[in-house]
Amino acid sequence: MSKINFSNKLGLALNVSLVYVVISFVYILFSDYLITSLFTDIQTINLVSTLKSWGFVVITGVLIYLMIKKAKQDSADNEERFILLADLTIEGIILHKNGVVIDVNDSFLDLSGFKRKEVLGKNLIDIFIKDEYRLTCKENVKSQSTEPYEVQAKKKNGQDVWIQIIGKPY
């Protein structure tokens, strides 16, 4: 299967934001208290506060970078495992949105005789499922049915083949 981005963007954004808010709150609260405890001269307090602010920007920038880098690596690792799992199965797997193909695994390509570029972005029901079963498939896609059902499909070479379809919304 080709790469698909399944990362939870809201989760990453929320995690980074919460860490930023907590670190910022603690840093500002305690650093201001520490500066006023250590220094009495207003010019020194201003200079140290400016340096503290620059340090804060650098530190939080590095932390945000590291968190995003780790999240992207975790996402890439999960994606590699998903692709490996999908490609190792002997069953055809099709990811679609309302029947329009987003991706397929190699087993589906072997079963159907199609090439990946021939099905991506196309309505698979219209090009693979035989006419008399298309309405059934379209109704099951629309209702997001998860019950298995059998239909007849037509391979690229014209050969008819019975297939079992089990829908799983993602």
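The values are calculated or read from the model by the stated rules, or taken from the named source; none is laboratory data. These numbers were taken from a predicted model, which means no experiment stands behind them. Quick reminder, even Gly has a Cβ in these numbers, built from the backbone with ideal geometry, and neighbours come from all protein chains shown. Only protein heavy atoms, including side chains, enter the accessible area calculation; ligands, DNA and RNA are left aside. Shrake-Rupley method; radii C 1.70, N 1.55, O 1.52, S 1.80 Å.
Rounded to the nearest whole Å², what accessible area per residue is found for the chain with the 1.4 Å probe?
Details: 11950 Å² over 170 residues.
Spelled out: the 1.4 Å probe surface of the chain, per residue, equals 70 Å².
So what's the net charge close to residue 107: Lys and Arg +1, Asp and Glu -1, counting the other residues with Cβ under 11 Å from its Cβ?
-4
Out of the total accessible area of the stretch 1-155 (probe 1.4 Å, heavy atoms of protein only), what percent is carbon and sulfur? All intermediate terms of the calculation are to be shown ahead of the outcome.
Details: 6770 of 10690 Å².
Reported share for carbon and sulfur atoms: 63 percent.
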For the stretch 155-161, in order, what is each residue's ³J(HN,Hα) by Karplus, 6.51 cos²θ - 1.76 cosθ + 1.60 with θ = phi - 60°, in whole Hz (x at glycine and Pro)? 5, 4, 7, x, 6, 7, 8
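With helices defined as uninterrupted DSSP H runs, which ones in the chain have an alpha carbon span along their own long axis of at least 15 Å and mean Kyte-Doolittle hydropathy of at least -1.0?
Details: long enough: 9-38 (42 Å, 1.65); 42-88 (68 Å, 0.51); 131-143 (19 Å, -1.43).
Qualifying helices, which must be both long enough and hydrophobic enough, are 9-38, 42-88.
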